[in-house]
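Report on one structure; see the data block that follows.
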Amino acid sequence: MDTTGAEIVMLEESLQQCRRELAELRRRYEATAESSAQADRATDQAARLAEALDARLTAQESTATGPKGWLKRRVLPNAATERELADARELRASALFDGPWYLRVYPAVVATGMSPALHYLRYGAAEGKDPGPEFSTKHYLARHPLVARRKGNPLLNHLRTHQ
């Protein structure tokens, strides 16, 4: 066999090897794409559930100011006050507060039965929890020590003094 024939055989073998590797890479890609799609669907479902829970808890919060409010405050001493409801509305209106994100990042909040906004007002800020991905409670308190000393809510302080 001459040199050209040997080169052709070698190139054909190399081509076959490349085709086998390509087929394996395609198989891996398809498996990864399917796993990624499943993860995306699960993430979307979790986000929808978090949003539904936030809406439901928000609706329950609003009963504290209605006719059921008096009974709720008597039966449930932890029910939101009118001031807390107003503050929670202010938080939810801010782009810096992300209720579904808060529930995803701090899943134990779901067990409290409180809306993410009310939890952040009562406990989350004091615990150093962030109200959303775009606002750092600890960073804000470090830069504003007076707010920390007064045990003020960092996001509310930011919204009321910097906007």
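The values are calculated or read from the model by the stated rules, or taken from the named source; none is laboratory data. These numbers were taken from a predicted model, which means no experiment stands behind them. Every residue, glycine as well, gets a Cβ built from its backbone with ideal geometry; the counts of neighbours run over all protein chains shown.
In region 81-163, which helices (runs of 4 or more DSSP H) lie fully inside it and hold 3 or more residues that are polar (S, T, N, Q) and at pLDDT 95 or above?
Those helices (runs of 4 or more DSSP H) do not exist here; none qualify.
So which residues in region 115-152 are under 20 Å from Thr81 (Cβ atoms) and either in contact with a strand residue (DSSP E or B) (Cβ under 6 Å, 6 or more places away or on another chain) or crowded, with 22+ Cβ neighbours inside 10 Å (or both), if there are any at all?
Of everything in region 115-152, those that are under 20 Å from Thr81 (Cβ atoms) and either in contact with a strand residue (DSSP E or B) (Cβ under 6 Å, 6 or more places away or on another chain) or crowded, with 22+ Cβ neighbours inside 10 Å (or both) turn out to be Ser115, Pro116, Ala117, Leu118, His119, Tyr120, Leu121, Gly124, Ala125, Pro131.
What's the number of the condition Trp70 fails, among (1) modelled with pLDDT under 80; (2) over 19 Å from the mean Cα position of the chain (by Cα); (3) of a type outside the set (S, T, N, Q); (4) under 29 Å from Asn157 (Cα atoms)?
(4)
Every residue in region 14-50 that is closer than 30 Å to Ala117 by Cβ, free of Cβ contacts under 8 Å to residues at least 12 places away in the same chain and of a type outside the set (S, T, N, Q), please.
Matches in region 14-50: Ala39, Asp40, Arg41, Ala42, Asp44, Arg48, Leu49.
Suppose the filter is touching a helix residue (DSSP H, G or I) at 6+ places or on another chain (Cβ under 9 Å) and in a helix (DSSP H, G or I); does Ala37 pass it?
no
Only one of (1) at pLDDT 95 or above; (2) in a helix (DSSP H, G or I) fails for Leu57. Which number is that?
(1)
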